[in-house]
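Data block below; observations after.
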Amino acid sequence: MPTRGKLSGMATEAIPPSWQAAIEPALATAEARRLGGWLRAQEEAGKRIYPPRGQRLAALALTPLDQVRVVILGQDPYHGAGEAHGLCFSVAEGVKVPPSLVNIFKERENDLGIPPSPSGNLEHWARQGVLLLNNTLTVEDGKAGSHAGRGWDAITDAAVEAVAKRDAPCVFILWGSHAQKKAGRIPALGKSASHLVLQSAHPSPLAAYRGFFGSKPFSQANAFLERHGIEPVAW
């Protein structure tokens with residue numbers, strides 16, 4: 001059985017206390033054990049994996065379950081050296097802002113009038129209750145999507161379900177078809193006013209002009225939160 005509160009094979013990846021009850025059932029599965037063993041074998045074989053150990057659950061560590069008010073779902077981490085640090089769409093301080101995030105900042109400016117940030121580090125969102133969660137939490141250097149289907153889905157599904165099952169209203173922002181596949185993990189989608197689900201095209205340069213630009217997710221999220229007596233996000 002996996003060590004309580006940690007992902008088997010990744011002893012440095014401690015599950016934050018607020019998430020343990022929600023995540024540990026997924027960690028107890030054979031799929032999670034295979035994931036841990038496979039990651040360890042990849043690293044022992046000399047494969048470079050991002051983000052580094054200790055940062056792979058940063059989204060959960062920075063945004064406790066009881067503080068989540070917005071969920072933004074990504075696909076998998078950036079696969080360039082020094083970019084990924086455990087938050088979807090975010091890059092470590094000092095790293096050039098990647099194209100998808102450039103477009104996110106453009107839409108934020110169009111929506112809220114906030115100029116593009118020189119830094120692509122979104123920790124200030126995460127610390128306000130914005131869960132920046134990738135569907136797959138690791139990737140091999142230079143190989144986008146290389147860890148998809150290896151077992152992370154069960155763990156990130158459990159995180160999304162845990163947020164959706166709370167009584168507190170929440171905004172789920174699903175950009176692109178990959179994120180939208182998780183919509184089924186949000187109970188009563190389209191049948192209840194308890195959550196707001198915003199879906200649009202992905203912010204990547206290949207898709208942003210097909211419905212991401214002009215979607216105004218930031219103002220819509222804040223208006224929903226304010227209607228429910230919840231502090232809006234300082235985007």
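Neighbours of H79 by Cβ distance under 11 Å: Lys/Arg scored +1, Asp/Glu scored -1, total -2. The length gained on full extension between S119 and A81, counted as 0.36 nm times the residue separation minus their Cα-Cα distance, comes to 12.0 nm. Under 5 Å from the amide H of T63 lies no amide H of any residue 5 or more positions distant or on a separate chain, with H modelled from the backbone and absent for Pro and chain starts.
With the simple model of a label 7 Å out from the Cα in the direction of the Cβ, A154 to A223 spans 4.1 nm.
If you plug the beta carbon distance of E109 and A168 into 1/(1 + (r/R0)^6) with R0 = 25 Å, you get a FRET efficiency near 0.30. Highest mean first, the peptides 78-88, 39-49, 134-144 sorted by other C-beta atoms within 10 Å per residue fall in the order 78-88, 134-144, 39-49. On full extension, the segment bounded by K143 and K96 gains 15.0 nm, given 0.36 nm per residue less the C-alpha separation. Here the simple spin-label model places points 7 Å from the Cα toward Cβ, and for L206 and E43 these points are separated by 3.0 nm. Each of Y50, G37, L73 was placed along the dipole of the chain (beta-carbon charges, centred on the mean Cα), and the one lying farthest toward the positive end is G37. The alpha-carbon positions of the chain define a convex hull whose volume is 113 Å³ per residue.
Projected label points at E161 and E231, each 7 Å from Cα along the beta carbon direction, are separated by 3.1 nanometres. For the chain, the carbon plus sulfur part of the accessible surface works out to 52%, probe radius 1.4 Å.
By DSSP, the beta bridges lying fully in the chain are antiparallel in about 25 percent of cases.
Compute log10 of I(q)/I(0) for segment 44-142 with the Debye formula, placing one identical point scatterer on every Cα and leaving out solvent, at q = 0.16, 0.17 Å⁻¹, to two decimals. Summing over Cα pairs of segment 44-142 leads to -0.66, -0.74.
Per residue, the solvent-accessible area of segment 26-87 (1.4 Å probe, heavy atoms of protein chains only, all protein chains present) comes to 42 Å². Accessible area per residue (1.4 Å probe, heavy atoms of protein chains only) ranks H178, H228, H195 as H228, H178, H195, with the largest value leading.
Applying the Karplus relation 6.51 cos²θ - 1.76 cosθ + 1.60 with θ = phi - 60° to segment 75-83 yields 3J(HN,Hα) values of 8, 8, x, 4, 10, x, 4, x, 8 Hz, where x marks Gly and Pro.
The values are calculated or read from the model by the stated rules, or taken from the named source; none is laboratory data. Given the structure is predicted, the values throughout are model-derived calculations rather than measurements. A quick note on method: Cβ atoms are made from the backbone with ideal geometry, for glycine too, and the neighbour counts reach across all protein chains shown. For the accessible areas, the whole protein counts, side chains as well, though only heavy atoms, and no ligand, DNA or RNA atoms are used. Shrake-Rupley method; radii C 1.70, N 1.55, O 1.52, S 1.80 Å.
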